[in-house]
Structures are given as structure tokens and as C-alpha cells.
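What follows is one structure encoded as C-alpha cells, with my remarks underneath.
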Amino acid sequence: EAQVTQNPRYLITVTGKKLTVTCSQNMNHEYMSWYRQDPGLGLRQIYYSMNVEVTDKGDVPEGYKVSRKEKRNFPLILESPSPNQTSLYFCASSSGGLAGLSDTQYFGPGTRLTVL
Amino acid sequence: GENVEQHPSTLSVQEGDSAVIKCTYSDSASNYFPWYKQELGKGPQLIIDIRSNVGEKKDQRIAVTLNKTAKHFSLHITETQPEDSAVYFCAVLTNTGNQFYFGTGTSLTVIP
């Protein structure tokens, strides 16, 4: 089954404790992206990747890091989480990329993060 | 960056009636406009999209219209059903072709 998976689905942590949210897709998609969803603000793009080893900042990248060492994986790293990073996070992928973004985004099920 | 505004934020309709959600955007060079449906506890799912070279697209009970001159696009759902109840998001792909900007969402409730 074609899908985007995220782990963990729920996470409660404390300020300053490094964490990683994993994202994996099995559709051989070039383009991958991370979003955060907050009430009244919709989805905001954090980082995106057009292909392996190609990443770029989205609208709200502060406090986050990403890496794209393999085509299928795109982990989101919070080196020193803070309470304002409490949010619902979504990973997405599409068949676009360096060849041109031309297809629908498939979203993962979401990761609900709480930073105390 | 792109500025996407979505209205209304909440919408209640009787089953069988139509629902319309509108989005405006700021960058006239943007060229791809998808609509997503998000059910409770799930990720957004594409329901319909339109590209800048087309003015209207229809898929059964769902249609999207695009007015490039006025920089707005709308989602139309006809003959609404209770299972249409969800949060709907519009999105815009920037002219660089690699960044998406989303509207703030519309919570649609279809009353049986």
C-alpha cells in the first residue's frame, strides 16, 4: 500500500531534550516536506526537500533541522525543543522534485508533539 | 511569500444543500491550486486540484473554479452528505514550484 508513515504518533517531552520524528514514504517520491498545524493558522511549511541531499527552508524553519540522506526518509529534528513547538506535525511527499513539482502531495497521519 | 486567505472559517449546511469555500492568494505567478479534506485524526487528503491554464474542474459532486485575474479560487460541493463533514484547506504552489502555502481551513458541518 502506498503510504507515508510517521513515528511516533504522539510524543510528550520536556524543554531542551533533543528529539527526532521520522518520516518514510514507499512511493519513490522525490519531493518531501514537513508541516506544522496550529489552530487558526492552517498548515505551515517547515522544510522541504526536492531530492536526496537537497533541502530548503519553508515558511517557519526556526528551531528545526532536517536531513535527506535517502530518498524514502526525511526525519525532522528538534535539537532543543521549546513549548512554542507544541503542535501537530505532518510529513508529506509527492512525485515532483527537481523535475518539477507536478503532482499531489500525500500526507502522513501526523505526530502530535507536546513540549512541557 | 505567498499570502493565502480562506473563508469562511466555519460553515454549516443542511444535507443536500451546496457548500462553497473561497480562497484568495497574492502572487499572480502561482500556478497550482489544490484542495484538501482533513478528517478528524487524519492527515489532509487531496480531493481536487486545478492548474492555472484551466478555469474550472469538476469531479462528481466536487468542483473548483479559478479566477486568475482576481486571484481567487473556490471549492464547490453539491448535494452535500454527512460524510462531507470535515476541515477543508486550500493551498497554493509558489511560482518557484517548490513551496506550498495553505489557507487557515474551513470546518464544514453537514446537518442530516
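Farthest toward the dipole's positive end in region A:1-100, which of A:LEU11, A:GLY58, A:CYS91, given Cβ charges of +1 (Lys, Arg) and -1 (Asp, Glu) about the Cα centre?
In region A:1-100, that residue is A:LEU11.
Quick one: if you stick a label point 7 Å off each Cα along the C-beta vector at A:LEU116 and A:ALA2, how many nm between them?
If labels sit at A:LEU116 and A:ALA2, their model points lie 4.1 nm apart.
At R0 = 35 Å, how high is the FRET efficiency between A:GLU79 and B:SER9 if r is their beta carbon distance? Nearest 0.05 is fine. List each step's numbers first, then the result.
On the way: r = 34 Å, r/R0 = 0.98.
Calculated value: 0.55.
Which shape class applies to region B:22-85: rounded if a/c is under 1.5, otherwise prolate when a/b exceeds b/c and oblate if not, where a ≥ b ≥ c are the square roots of the Cα gyration tensor eigenvalues?
Values: a/c = 2.36, a/b = 1.64, b/c = 1.44.
Because a/c hits 1.5 or more and a/b exceeds b/c, region B:22-85 counts as prolate.
Kindly write out, for region B:69-74 in residue order, the coupling ³J(HN,Hα) from the Karplus curve 6.51 cos²θ - 1.76 cosθ + 1.60 (θ = phi - 60°), rounded to whole Hz, with x marking Gly and Pro.
5, 8, 6, 8, 9, 9
Please average, across the residues of B:99-107, the number of beta carbons from any other chain that are within 10 Å of each residue's own beta carbon, and give a whole number. Kindly include the intermediate steps, with their values, before the conclusion.
Numbers: counts 8, 12, 6, 8, 2, 6, 6, 0, 0.
Shielding by partners across B:99-107 averages 5.
What does the average come to when, for each residue of peptide A:27-34, you count the partner chain Cβ atoms lying within 10 Å of its Cβ?
Working: counts 0, 0, 0, 0, 2, 0, 3, 0.
Shielding by partners across A:27-34 averages 1.
Could you grab the relative contact order for chain B? Cα pairs under 8 Å, six or more apart, rounded to a whole percent. All intermediate terms of the calculation are to be shown ahead of the outcome.
Numbers: 288 pairs, mean separation 41.6, N = 112.
Reported as a whole number, the value is 37 percent.
With the contact rule set at Cα under 8 Å and sequence spacing of 6 or more, what percent relative contact order holds for chain A?
On the way: 313 pairs, mean separation 41.0, N = 116.
This gives 35 percent for chain A.
For peptide B:36-46, how many partner chain Cβ atoms fall within 10 Å of a residue's Cβ, on average?
Taking all residues of B:36-46 together, the mean is 5.
I'd like the distance separating the alpha-carbon centroids of region A:18-43 and region B:8-66, in whole Å.
21 Å
Would you please put A:12-21, B:57-66 in order of how densely packed they are, using the mean number of other Cβ atoms within 10 angstrom per residue and starting with the highest?
Working: A:12-21: 13.3, B:57-66: 15.2.
Listed from highest to lowest mean packing, they are B:57-66, A:12-21.
Could you work out the local net charge near B:HIS72, counting Lys and Arg as +1, Asp and Glu as -1, over the other residues with Cβ closer than 11 Å to its Cβ? Mind showing how you got there, number by number?
Details: positive: B:LYS22, B:LYS68, B:LYS71; negative: B:GLU5.
Around B:HIS72, the surrounding residues sum to +2.
Every number here is computed from the coordinates shown, using simple stated rules; none is lab data. Note that this is a predicted model, so its numbers are computed, not measured. Cβ atoms come from the backbone with ideal geometry, glycine included; neighbour counts cover every protein chain shown.
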